[in-house]
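First the structure, in the form of structure tokens, and then the observations on it.
Here, each number is a calculation from the coordinates, and none is a lab measurement. What you are looking at is a predicted structure, and each value in this text was computed from that prediction instead of being measured. Glycine also receives a Cβ, built like all others from the backbone with ideal geometry; neighbour counts cover every protein chain displayed.
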Amino acid sequence: MGRVTPLYTSRKVLYITYRTPLETLLETPETLPTSEPDTPQISYTVTEDLLPTLSMQPYSKKWVACLYGAGRFTTAGTVYWRMKRNGASVASSSKSVSANYYYTVCAHFHNVNVGDVLELALWSSVSDSNWDYKALQIQVTRLIPFNKPRLFYKCSFSLSSQPVLTLGNPSAAGTASFYPYHDDKVLPSITTDTTYTFLYAGSTYGLFRIGRGDYSLANNADVSTHSSYRPYYLRNLVPAQIIFRGLRDGGQL
């Protein structure tokens, strides 16, 4: 009598642990130059110990680096910024800042790798502005648990709001939504833990995309300003736990 192969794999639980953000608050703020500096003020090299830890090795995933730079304007002016990866420009823009306001540049580098050098250059239209804060956290996106199967049953996401920044006088301005995907088609975004009867991990987006740094602002930045808070930043909803069973034939619905 032949052995019957179960239709589904055993129940799998993938735990994702995010590193405590690297944060630095300067004892003495540094004045921003009035032209682009030759050497960016903020620089990080991506190392293995900065990556989230996963309880099982997935078939595929991508890393997003969330990098922050912040400071203060005494008189009203414009803060300019440029993101660089391995010495090459990624994106640049500017933002008006009111007098006696803080600014926070929130830069998102998509699909980073160990060894990448990520930089943020800052300069100003006025001579009495400064920077004194920097931070970095790396998050996971576009995860595919297995190559075969790709169709997952009772797929549950438990979400966490990241990063949690503590130095300076920080405040989270809000949290970006989480975007589940089925066969590379986006489903309605979610903000709470959710279970799906079936999800198919497509080759491009996998089971999900995080909001900032992938679904929006991939390899780009935005700037928040506030009269009291530095850093003033938006968090991402990211998966802290994914529970699923694989459908063994891997077929699409």
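Just going by the charge dipole of the stretch 90-232, with Lys and Arg at +1 and Asp and Glu at -1 on Cβ, which of 139, 177, 208 is farthest out on the positive end? Most positive-ward Cα: 208. If you take all other residues with their beta carbon under 11 Å from the beta carbon of residue 117, and give Lys and Arg +1 and Asp and Glu -1, the sum is 0. When we measure straight from the Cα of residue 148, which lysines land under 25 angstrom away, once same-chain ones fewer than 8 places off are left out? Answer for residue 148, where 25 Å is the Cα cut-off: 12, 61, 62, 185, listed by chain and number. Report note on the peptides 103-109, 184-190: ranked by the mean count of other C-beta atoms within 10 Å, highest first, their order is 103-109, 184-190.
The calculated FRET efficiency for the pair residue 128 and residue 166, based on their C-beta separation and a Förster distance of 22 Å, comes to about 0.20.
The distance separating the Cα centre of the stretch 16-85 from that of the stretch 204-253 comes to 17 Å. The local environment of residue 154, defined by Cβ-Cβ distances under 12 Å, has a net charge of +3 under the rule Lys, Arg +1 and Asp, Glu -1. Residues considered: 19, 72, 11. Largest GNM mean-square fluctuation over the chain, using C-alpha springs under 10 Å, is found at 11. For residue 95, the lysines whose Cα comes closer than 28 Å to its Cα, not counting residues fewer than 8 places off in the same chain, are 84, 134. For the pair residue 95 and residue 55, what calculated FRET efficiency results from E = 1/(1 + (r/R0)^6), where r is the Cβ-Cβ distance and R0 = 30 Å, to the nearest 0.05? Given R0 = 30 Å and the Cβ-Cβ separation, E is 0.15. Using only the alpha-carbon atoms of the chain as identical scatterers, what base-10 log of I(q)/I(0) does the Debye formula give at q = 0.14, 0.16 Å⁻¹? Ignoring solvent entirely, the Cα scatterers give -0.89, -1.08.
Below 12 angstrom from the Cβ of residue 82, what's the summed charge of the other residues (Lys, Arg +1; Asp, Glu -1)? Don't skip to the end; give the middle numbers.
Numbers: positive: 84, 85; negative: 36, 38, 119.
Once positives and negatives cancel, what remains is -1.
With a ≥ b ≥ c the root eigenvalues of the C-alpha gyration tensor of the stretch 133-234, is it rounded (a/c under 1.5), prolate (a/b larger than b/c) or oblate? Note, shape of the stretch 133-234 comes out prolate.
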